[in-house]
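Okay, so here's the structure we're looking at.
The values are calculated or read from the model by the stated rules, or taken from the named source; none is laboratory data. In this text, all values refer to a predicted model and were calculated from it rather than measured experimentally. Quick reminder, even Gly has a Cβ in these numbers, built from the backbone with ideal geometry, and neighbours come from all protein chains shown. These area figures cover heavy atoms from the full protein model, side chains too; ligands, DNA and RNA do not enter into them. Shrake-Rupley method; radii C 1.70, N 1.55, O 1.52, S 1.80 Å.
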Amino acid sequence: MAEAAPIYEGALDRGLEGVVACTTKISFIVGATLNYRGYTIEDLAAHSTFEETIFLLWNDRLPKQDELDKLRKELGAEMTLDAQLISTLKTLPTKGVHPMAWLRSATSAMGLYDKEAQDDSKEANYRKALRLTAKMGMLVTAFERLRTGKEIISPNPSKSIAWNFFYTMTGNEPDAEIVKQFDVCLILHADHELNCSAFAARVTASSLSDVYSAVVSAISALKGPLHGGANEQVMLMLKDIGTIEKAKSWIEDALNNKAKVMGFGHRVYKNGDPRAKILRSMSEKLTAKMGQPHWYQMSDMIDDVMQNKKGLLPNVDFYSATVYYSMGIPIDLYTPIFAASRVSGWLAHIFEQWTNNRIYRPRGKWAGKEGLNWVPPAQR
Ligand code: COA
């Protein structure tokens, strides 16, 4: 009988740090910044839109005008939540439920109503990608409406995903500047090479499971506070600190107690997260616009303390917290918003995985016992 395949020496108990797990062309950290398909996020944040970025991530090139118009139309047509799905969503509990747990279940339920869920043709998978990307933000606002006892609002298919996020959450036409800045946030969160949730999506996709299952795996991974859950924790921390005067000692105490300060540090960026730089100036402008500049000032002070005391720089989650807060978005929806953007990247990863698939199946380095013999319970 053939022996098991050989194991490469050295167990990787450090979160696969530095391990190259696949070849990818979607996004990559090049030098000090992040690229999507060869374009820097600074370039895209300054000039692109979320819809255009979706096309870029899925097609490996920017769209021509008619292609962009077509994608906008397709997304608009898929934004509205179906009546059947809404009636199921109304049965899901919302009290004491984390919005990411609800979103995970809602996305899974959406898959149950999708007649194409098991159709793995390229065309059906593209339609599922449209559905998931168009609806994810609408699911988030549906949660907000349902938990506050309000009716779900139908989106306006001629408007963008960013515009409809605010519209379906509040029922009011949103401020154009807020929509623009939120759209930039969606661009900045759309993909980030082989992060935990994209990897989770790829692992599930590698078994040739379906698109919905892979996206639900990714949502589950994103939920954790070491990944997408950090932005919500940042705002809770700022509120807990309360005033600028208390910020320095609060952070010093946290560091003395070996606590992790959310929104700082990164596995890959050691000289700063380029997305944080863009979000930082957005936070400064928006907190001033809402007449609450102290949230930015407090963040700025924490940023200084973290750099001086620990040599750690802010990541994408640190300044996005005050950006979303300034936009009036409930704090526990920050991570679901991350999902509403990142779903576009997850889908790109799922499809890329399938272009050259091999099931992910690593080994563990055995560190347990051997040679034991079973004995009946009475003799143990
Ligand atoms: N606050 C305080 N200390 C931190 C820290 C933080 N946010 N991030 C890292 N450190 C410290 C660790 O305690 C560790 O110190 P030690 O060597 O004295 O034990 C060292 O820096 C290395 O950290 P480590 O957790 O091993 O880094 P990692 O690459 O495994 O993890 C993160 C990266 C992002 C998970 C980690 O920095 C973190 O937990 N940050 C807070 C959560 C967060 O903002 N997540 C969003 C990521 S975009």
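Out of 236, 226, I need the residue that is surrounded by fewer than 21 Cβ atoms within 10 Å (Cβ to Cβ), at pLDDT 95 or above and within 14 Å of the ligand (Cβ to nearest atom). Which one? Don't jump to the end; show me each part of the working.
Details: 226 fails: at pLDDT 95 or above.
When all the criteria are applied, what remains is 236.
Listed here are the residues, each with its yes/no results for (1) of a type in the set (A, V, I, L, M); (2) touching a Gly at 6+ places or on another chain (Cβ under 8 Å).
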{"position": "275", "(1), (2)": "no, no"}
{"position": "284", "(1), (2)": "no, no"}
{"position": "295", "(1), (2)": "no, no"}
{"position": "316", "(1), (2)": "yes, no"}
{"position": "320", "(1), (2)": "no, no"}
{"position": "324", "(1), (2)": "no, no"}
{"position": "331", "(1), (2)": "yes, no"}
{"position": "334", "(1), (2)": "no, no"}
{"position": "342", "(1), (2)": "no, yes"}
Sole miss for residue 332 among (1) closer than 23 Å to residue 268 by Cβ; (2) in contact with an Asp or Glu (Cβ under 8 Å, 6 or more places away or on another chain); (3) charged (D, E, K, R) is condition (1)
Can you tell me which condition residue 105 does not meet? The list is (1) within 18 Å of residue 346 (Cα to Cα); (2) in contact with a helix residue (DSSP H, G or I) (Cβ under 6 Å, 6 or more places away or on another chain), and all the others hold. (2)
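Restricting attention to segment 348-380, which residues are without any contact (Cβ under 8 Å) to a residue 12 or more places away in the chain and surrounded by 10 or more Cβ atoms within 10 Å (Cβ to Cβ)? Let's see the steps before the verdict.
So in segment 348-380, the residues without any contact (Cβ under 8 Å) to a residue 12 or more places away in the chain come out as 355, 361-362, 366, 368-380.
The one that is without any contact (Cβ under 8 Å) to a residue 12 or more places away in the chain and surrounded by 10 or more Cβ atoms within 10 Å (Cβ to Cβ): 362.
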Collect the residues in segment 189-223 that are within 15 Å of the ligand (Cβ to nearest atom) and on the phi > 0 side of the Ramachandran plot, keeping them in residue-number order. 193
If you take the residues in segment 43-58 that are in a helix (DSSP H, G or I) and in contact (Cβ under 8 Å) with a residue 24 or more places away in the chain, which one is surrounded by the fewest Cβ atoms within 10 Å (Cβ to Cβ)? 45
Selection count where residues are open to solvent by less than 10 Å² (accessible area, probe 1.4 Å), modelled with pLDDT of 95 or more and of a type in the set (A, V, I, L, M, F, W, C), scope segment 306-339: 9
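Take the conditions within 15 Å of the ligand (Cβ to nearest atom), at pLDDT 95 or above and over 17 Å from the mean Cα position of the chain (by Cα) and apply them to residue 286. Does it pass?
Numbers: within 15 Å of the ligand (Cβ to nearest atom): no; at pLDDT 95 or above: yes; over 17 Å from the mean Cα position of the chain (by Cα): yes.
Judged against the criteria, residue 286 is not a match.
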Selection from segment 261-283 of residues that are surrounded by 14 or more Cβ atoms within 10 Å (Cβ to Cβ) and either without any contact (Cβ under 8 Å) to a residue 24 or more places away in the chain or more than 14 Å from the ligand (Cβ to nearest atom) (or both): 277, 278, 280, 282, 283
Out of all the residues in segment 243-260, which are out of contact with any helix residue (DSSP H, G or I) (no Cβ under 9 Å at 6 or more places or on another chain) and near the ligand (Cβ under 9 Å from one of its atoms)? 258
Just one of 329, 359, 350, 337 is aliphatic (A, V, I, L, M) and within 16 Å of the ligand (Cβ to nearest atom); which is it? 337
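Which one is most open to solvent (accessible area, probe 1.4 Å), of the residues in segment 59-80 that are polar (S, T, N, Q) and over 20 Å from residue 336 (Cβ atoms)? First the steps, then the outcome.
First pass over segment 59-80, keeping only residues polar (S, T, N, Q): 59, 65, 80.
From the residues that got through so far, the ones that are over 20 Å from residue 336 (Cβ atoms) too are 59, 65.
Working: 59: 69, 65: 117 Å².
Applying the filter and picking the extreme gives 65.
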Lone unmet requirement of (1) among the basic types (Lys, Arg); (2) assigned to a loop (DSSP other than H, G, I, E, B); (3) in contact (Cβ under 8 Å) with a residue 60 or more places away in the chain for residue 258: (3)
